[in-house]
Amino acid sequence: MADKSPISTPAPTPAPTPSSGPANRARVLGAVRAALGRGPLPTGRAQGLDATLARHQRHTIPARGRADDLVAAFASAASGVAAEVLHLASLDEVPAALADHLASLNLPPALRLAPDPALAALPWHTRPLLAVEVGTGVPGVQVGLALAEAGVAETGTLVLTSGAERSTTLNFVPDVQYVILPHGRLDGALEDAWARLRNAHGAAWPPRTVNLVTGPSRTGDIEQTMIMGAHGPRRLVILMVPGA
Amino acid sequence: MSVQQQPSGQSSRSFASRAADAMVDANLQTALNRLSTGFATRRATAIAAVPEFEALKADAQAIKNHVLDNLDHYLERFEAEVIARGGSVHWCPDAESARQTVLAICQAAGARTVTKGKSMVAEEIALNPFLEANGIEPVETDLGEYLIQIAKEPPSHIIGPALHMTRDTVEGLFRSHHPSLDPARDLTQPETLVAEARQMLRPRYFAADVGITGANFLVAETGSTVIVTNEGNGDLTQSLPRVHVVLSSIEKIVPGHEDAATLLRVLARSATGQDMSVYTTFSCGPRRPGDADGPDAFHVVLVDNGRSAMLGTEFQEMLRCIKCGACMNHCPVYGAIGGHAYDAVYMGPMGAVLTPQIEGLFGHTDLPAASTFCGRCAEVCPMGIPLPDLMRRWREKSFAAGWSPTAERWGLGLWSALARRPWAYRLVARVAAAVLKRLGSKGIARLPLTAGWTAGRDMPAPAGRTFSDLWAEQRRG
Ligand code: SF4
């Protein structure tokens, strides 16, 4: 599932202005160093900082980020931020659960899948009336389905990543967002999810986009009243299933 | 060329007269009255639910202190990681170079419209009027930013830019700015107003050539930029157009993803009282070969604009600020007059410290004095920034520069303005009088806060009450 190819480096867009040139770079870094009263860090010190960074040291993690029952903790936190959580017995139940849920919302039986072979392989034939297409978030897409790479129980947060088999735009364009979260991808805290992603992506870590999604879209910009469905999905439904 | 619709710090009117107007603006006062029940209450609830919050704050502060001491190193590491992933980094010493850089990127992309996520740095460098003057249409997509854009107003709060507007104001704006709007459509509820904005902005995301976002954090470890939003507008802005431009000031750096995790725990709780904002997005570089979607080009515009000059000075602590807005949500002066009276991009206590640095003290000598020195801002600041002390430093500088008369005139004006609003006057005067007495301050003791002037306005402060108690009580009254 993870793209293990090393990071590719397409040619950067050419520097368009003098302000992106070396003179301004030197000016900013020079001003910072002058203010700190020193020149560039000695090599040893700089290497020390990089070595510390490579250890991925964690700071305080709240107790709620170390829950024993991750499924219960995640479901409770996600429900607390107005996501809907459905517990399914297996991935095979996904098509039926989606068809029924769409019907309960009075929505047409149609949805778009992220381009993930694991999603295409679900038994869609069990619900032949469900119109299933595959792609990204283009105009007019009303319902999307994605597979989460991880879930953070501490805050009920889904970890969604970009890639050849994922679609970032499909996480934001639809009105209704369905996300499958296998139990085996649950982590206690965000730090655990970082470790999981580093491990899965290897040299390609991090993917271009990592979306941490905690509930459906909302805004408090009118009279500080929370209204759901500002620009992203109005409704977020998380399908929790056993397995990896 | 004029690049600001309302040049800050250059208003022909004094702070005092703006404050006085604000205090008799009934709509504004209605909006401000929601602060204590909105942001402030939600923050308190969210923080009470995490017993480890003090430890998280201490960690967050230590992380930023470490970054500031090694800022050059982490900036260079960040740059190297962005470049390794195919992105570009542009270094901008000041607002003008930042504007020119963004314009050049837009022009190179042949852009006619750009969508924008919420960015205070974009406000700081007055990007929108500059792009417009150069034939590029900027479209704000954060609901609050969109509202103030069509109203042609500056933001009144760093988190809720349209916090000063009531739903009636918003309805009026939509009716006059959305030509296809059915006159019969009911727009009396926040829900219908949000739906209208969603519908209007949707096609703009798909049509934009460039998407510009701010950054809450820059992660040196991987060259990732981080945005934190609730609406999802920032994500549509940065994932649909061909080019993604990130506009950030240089102090937004954190070393690694673990450090970002700690700061995120502190930010959302302090800002909106959420455990996590709805959408926290890490982005690095353009789309990778084979990726299903994402922008073809990725530019990070790093803006100094006065930050480096704060390093190594007493103002370095201000660079820990994560722009959560808690200080203004709990400030009695902000709560009485709102954000516009500050006539600056950054308002409230953090603005009173930051604005003189970014825009120069001259023209803003009033701001550091816009305080009762009650200390509530420093109490709620998750980054432990001693805001009243830093405001006092600016006051000292303005005295030293011979600009004190302005501040004193301002003082008189503000107090007389406050006097028109009895509860605010009583509260602020009492607290300030008590604080000033304790400090033995000479500068402001001559303000009409002395016993003679306040005699007859008998509101003796009950001994032993905290400021919060008084504040809550006065708000209820
Ligand atoms: S000064 Fe502190 S409280 Fe105010 S916005 Fe910055 S971090 Fe938040």
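Observations
- Too-long pairs where the Cα-Cα distance tops 19 Å, listed order kept, from B:64/B:116; B:118/B:152; B:118/B:252; B:118/B:323; B:57/B:397; B:57/B:118: B:64/B:116; B:57/B:397; B:57/B:118
- Value of [θ]222 nm, deg cm²/dmol, for chain A, DSSP H segments ≥ 4, -39500 (n - 2.57) each, nearest 500: -8000 deg cm²/dmol
- Share of carbon and sulfur in the accessible heavy-atom surface of segment B:269-332 [1.4 Å probe, %]: 47
- Residue by residue along B:312-323, Cβ atoms of other protein chains within 10 Å of the local Cβ number 1 on average.
- Counting Cβ atoms of other protein chains within 10 Å of each residue's Cβ and taking the mean over peptide B:303-311 gives 4.
- Normalised by the number of residues in chain A, the average gap of Cα pairs under 8 Å and 6 or more apart makes the relative contact order 23 percent.
- Modelled spin-label separation between residue B:69 and residue A:60, with each label point placed 7 Å from Cα along the Cα-to-Cβ direction: 2.0 nm.
- By average C-beta atoms within 10 angstrom, highest first, the peptides A:43-50, B:196-203: B:196-203, A:43-50
- In a fully extended conformation the segment linking residue B:52 and residue B:34 would gain 3.6 nm over its present Cα-Cα distance, using 0.36 nm per residue.
- What segment A:67-241 shows is 31 Å² of accessible area per residue, with the surface traced by a 1.4 Å probe over protein heavy atoms.
- Remark on segment A:29-49: accessible area falls by at least 20 square angstrom from chain-alone to full-complex state for A:29, A:31, A:32, A:33, A:35, A:36, A:38, A:41, A:45, A:49, probe 1.4 angstrom.
- Pairwise centroid distance, computed over Cα atoms, of segment B:125-183 with segment B:266-330, Å: 22
- Taking a quarter of the surface of the Cα convex hull of segment B:71-111 gives a mean projected area of 3.4 nm².
- The orientation-averaged projected area of the convex hull spanned by the Cα atoms of segment B:207-310 comes to 7.4 nm².
- Rule-of-thumb Rg ratio for segment B:122-254 [Cα; 2.2 N^0.38 Å; N residues]: 1.12
- The A and B chains share an interface that buries close to 8300 Å² of accessible area, total over both sides, probe 1.4 Å.
- For segment B:246-388, convex hull of alpha carbons as volume per residue, Å³: 143
- Computed over chain A, the quotient of the alpha carbon radius of gyration and 2.2 N^0.38 Å is 1.23.
- Remark: segment B:183-234 projects, on average over all directions, an area of 5.2 nm² (convex hull of Cα atoms).
- Scattering curve values for segment B:38-305, log₁₀ I(q)/I(0), Debye with Cα scatterers, q = 0.07, 0.13, 0.14 Å⁻¹: -0.26, -0.89, -1.03
- Ordering B:208-216, A:235-243 by mean Cβ neighbour count within 10 Å, with the highest value first, yields B:208-216, A:235-243.
- Note on segment B:38-101: Rg/Rh from Cα positions, Kirkwood definition for Rh, rounded to two decimals, is 1.19.
- Label sites at residue A:107 and residue B:134, each approximated as a point 7 angstrom past Cα along Cα to Cβ, lie 4.1 nm apart.
- Burial order of peptide ranges B:346-356, B:183-193 (average beta-carbon count within 10 Å, highest first): B:346-356, B:183-193
- Reducing segment B:188-244 and segment B:335-358 to their Cα centroids gives an inter-centroid distance of 26 Å.
- The mean number of Cβ atoms from other chains found within 10 Å of a Cβ in peptide B:71-79 is 5, as a whole number.
- Computed over protein heavy atoms with a 1.4 Å probe, the accessible surface of segment B:281-330 works out to 20 Å² per residue.
- Heavy-atom accessible area per residue - segment B:78-219, 1.4 Å, Å²: 31
- Calculated diffusion of segment B:214-255, Stokes-Einstein form, Kirkwood radius summed over Cα pairs, 10 °C and 1.306 mPa s, µm²/s: 144
- Here's the picture: charge each Lys and Arg Cβ at +1 and each Asp and Glu Cβ at -1 in chain A, and of A:238, A:57, A:153 the one pushed furthest to the positive end of that dipole is A:57.
- With a cut-off of 20 Å on the backbone N, the residues of segment B:91-110 near the modelled label site 7 Å out from residue B:397 along Cα-Cβ are B:93-96.
- For segment A:219-244, residues shielded by at least 50 square angstrom of accessible area compared with the chain on its own, probe 1.4 Å: A:221, A:222, A:223, A:224, A:226, A:227, A:231
- Distance (nanometres) between label positions extended 7 Å along Cα→Cβ at residue B:150 and residue A:87: 4.5
- Cα centre as origin, Lys/Arg/Asp/Glu Cβ charges: segment A:67-241 dipole, Debye: 420
The values are calculated or read from the model by the stated rules, or taken from the named source; none is laboratory data. Since we're looking at a predicted model, the values are computed, not measured. Here Cβ is always computed from backbone atoms with ideal geometry, including for glycine, and neighbour counts include all displayed protein chains. Side chains included, ligands, DNA and RNA excluded: accessible areas come from the protein's heavy atoms. Shrake-Rupley method; radii C 1.70, N 1.55, O 1.52, S 1.80 Å.
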